[in-house]
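The values are calculated or read from the model by the stated rules, or taken from the named source; none is laboratory data. If you're wondering where the values come from, they're calculated on a predicted model, not measured in any experiment. Neighbour counts run over all protein chains shown; Cβ positions are idealised from the backbone, glycine included.
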Amino acid sequence: MRLEQRYNMENMKNRAQEMVFEAIEKQIEKGGDMCTCEECILDLAAWTLNHVKPGYYTSLLAPLSPRPENEKKMLVEIELALASGLKKLKSHPHHS
């Protein structure tokens, strides 16, 4: 039996993913010359997530208040990866 069939894996979350999505949302709101089609946003999210350290937690292990120094470090890592991803996406979009 598969693990997902035995246990509710939806209770496992990735804080880095949440923060990456928030950063991309802010980038879209800010505007600029980035493409906001679904393919480009998914590429950007995947690129960024592949270049930051994941931060998995479960409902039992989630900190009630995340440590500010950890969140700040993760945010810097995300901002650097996001900038790199935006540069790559602009130079090599998957569409015309």
**OP:** Collect the residues in the stretch 53-74 that are farther than 17 Å from LYS13 by Cβ and either of a type outside the set (Asp, Glu) or modelled with pLDDT of 90 or more (or both), keeping them in residue-number order.
**Re:** PRO68, LYS72, LYS73
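Restricting attention to the stretch 36-56, which residues are of a type outside the set (Asp, Glu) and exposed (fewer than 15 other Cβ atoms within 10 Å of the Cβ)?
Taking the stretch 36-56 first, the residues of a type outside the set (Asp, Glu) are 36-37, 40-42, 44-56.
Answer for the stretch 36-56, where residues must be of a type outside the set (Asp, Glu) and exposed (fewer than 15 other Cβ atoms within 10 Å of the Cβ): THR36, CYS37, LEU42, ALA46, ASN50, LYS53, PRO54, TYR56.
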**OP:** Please list, ordered by first then second residue, the pairs with beta carbon atoms under 9 Å, 6 or more apart or interchain, first in the stretch 81-96 and surrounded by 14 or more Cβ atoms within 10 Å (Cβ to Cβ), second among the small types (Gly, Ala, Ser) and not in a helix (DSSP H, G or I).
**Re:** LEU86/GLY32
**OP:** Could you tell me which residue of the stretch 1-30 is nearest to the chain's Cα centre (by Cα), considering only residues that are over 16 Å from HIS51 (Cα atoms), assigned to a helix (DSSP H, G or I) and of a type in the set (S, T, N, Q)?
**Re:** GLN27
Original post:
Within the stretch 1-26, how many residues turn out to be under 17 Å from PRO93 (Cα atoms) and of a type outside the set (Val, Ile, Thr)?
Top reply: 0
